[in-house]
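What follows is calculated from the coordinates using simple rules that are stated; it is not laboratory data. This structure is a prediction, so every number in the text was calculated from the model and none was measured. Methodologically, a virtual Cβ is constructed for each residue, glycine included, from the backbone with ideal geometry; neighbour enumeration extends over all protein chains shown.
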Amino acid sequence: MASAPAGPPSSAGGNGTGGGASSASKKTNAARAAFHNLPVDSDDTDDDDENGHGAGGGAAAAQQQQAPLVGSISEDKRTKTLFYVRRTAAQMLKDRGYVVQQSNLEMGIEDFKKEFGERPDRSDLMMVGSMVDDPMQQISVHFLDPDTKSEKIGVEKIKAVVDQVKEFTPNSKNAILILPCGLTPFANQGISEANSGHQYRLELFMEKELIFNITHHQSVPTHQLLSELEKRQLLERYKVKSSQLPRIQAKDPVARYMGLRIGDVVRIVRASETAGRYVTYRMTV
């Protein structure tokens with residue numbers, strides 16, 4: 001089916017969605033809300049960002065129907081939780097353009113138990129991926145256990161992860177940290193210091209954010225990161241500056257899932273009842 005012309009990316013009321021996409025955007029709100037929970041400080045989350053991706057209660061119920069909750073007293077539920085989270089993490093790497101072992105994407109719960117045991121150790125769940133078009137660009141995924149006394153992730157755990165990042169991804173030093181609970185103040189400070197020097201890029205996700213893959217929700221449109229060449233061609237085609245593009249917040253749930261950085265431009269493809277699909281573009285801010 002033919003695609004509708006994307007039109008100037010800065011048109012349609014400055015958000016690039018257009019009238020035909022407004023209802024789809026509203027449906028997306030609830031799906032994004034279940035994912036929109038920053039790991040370190042919940043006060044940092046926004047109920048309504050510039051793109052209209054506000055929080056809603058419907059998605060939380062939908063998410064609960066998809067998979068078990070984190071924090072269950074049952075060991076079986078704990079194992080299932082880690083299975084769902086690790087599978088979503090593998091899907092996230094693939095969607096970002098990394099090569100991921102097919103077994104990590106197709107593994108069922110019984111295979112997961114055979115490989116990692118009935119009560120998996122989080123440290124054994126680590127994964128490493130390499131970019132499809134640049135194998136030297138790598139990323140590692142780490143599952144952290146809380147400190148026994150504080151029931152939070154302490155600074156020593158962060159230091160240990162940084163050492164692992166140096167070992168497993170020395171060229172890029174990118175890592176995703178998946179947490180079952182919050183960070184201590186010193187651990188939080190350690191993360192900030194590691195990221196501030198641009199030597200490392202440590203991304204944080206709570207386990208409960210990854211039980212369900214938000215991009216698999218029927219109301220969430222397809223997001224595709226543009227290369228630098230595609231970005232330049234887009235700006236030249238429409239004779240606009242990057243600052244004139246509609247925006248997507250870097251802490252938007254899908255932006256975090258995609259690993260978008262400030263300045264990145266993403267193509268968003270929505271289903272359209274009249275034209276088959278509707279294409280818009282947004283810059284990460």
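Placing dummy labels 7 Å off each Cα toward the beta-carbon, the span from GLU115 to LEU226 is 3.7 nm.
Tell me the trypsin sites (Lys or Arg not before Pro) within region 144-175 that lie in a loop according to DSSP and have at most 13 other beta-carbon atoms within 10 Å. Before the final figure, lay out the partial values.
Numbers: sites: LYS149, LYS152, LYS157, LYS159, LYS166, LYS173; in loops: LYS149, LYS152, LYS173.
Sites meeting the loop and neighbour criteria: LYS149.
With both labels modelled 7 Å from their Cα along Cα-to-Cβ, the GLU75 to ASP145 distance reads 1.4 nm.
Ranking of ARG201, ARG282 by neighbouring Cβ atoms within 10 Å, starting from the fewest: ARG201, ARG282. Cβ crowding within 10 Å ranks HIS216, HIS142, HIS198 as HIS198, HIS216, HIS142, fewest other Cβ atoms first. Near the amide H of LEU183, within less than 5 Å, lie the amide hydrogens of ILE153, all on another chain or at least 5 residues away, with H placed in the peptide plane.
Remark: the HIS216-GLU106 segment gains 38.1 nm on full extension, using 0.36 nm per residue and subtracting the alpha carbon distance. Our analysis of region 68-209 gives Rg over Rh at 0.96, with the two radii drawn from alpha carbon positions and Rh computed by the Kirkwood formula. Among MET136, MET127, sorting on how many other beta-carbon atoms sit within 10 Å of each Cβ, with the fewest leading, yields MET136, MET127.
Label-to-label distance for ARG237 and LYS251 is 3.3 nm, based on points extended 7 Å past Cα in the beta-carbon direction. Of all DSSP bridge pairs formed entirely within region 68-209, close to 35 percent run antiparallel.
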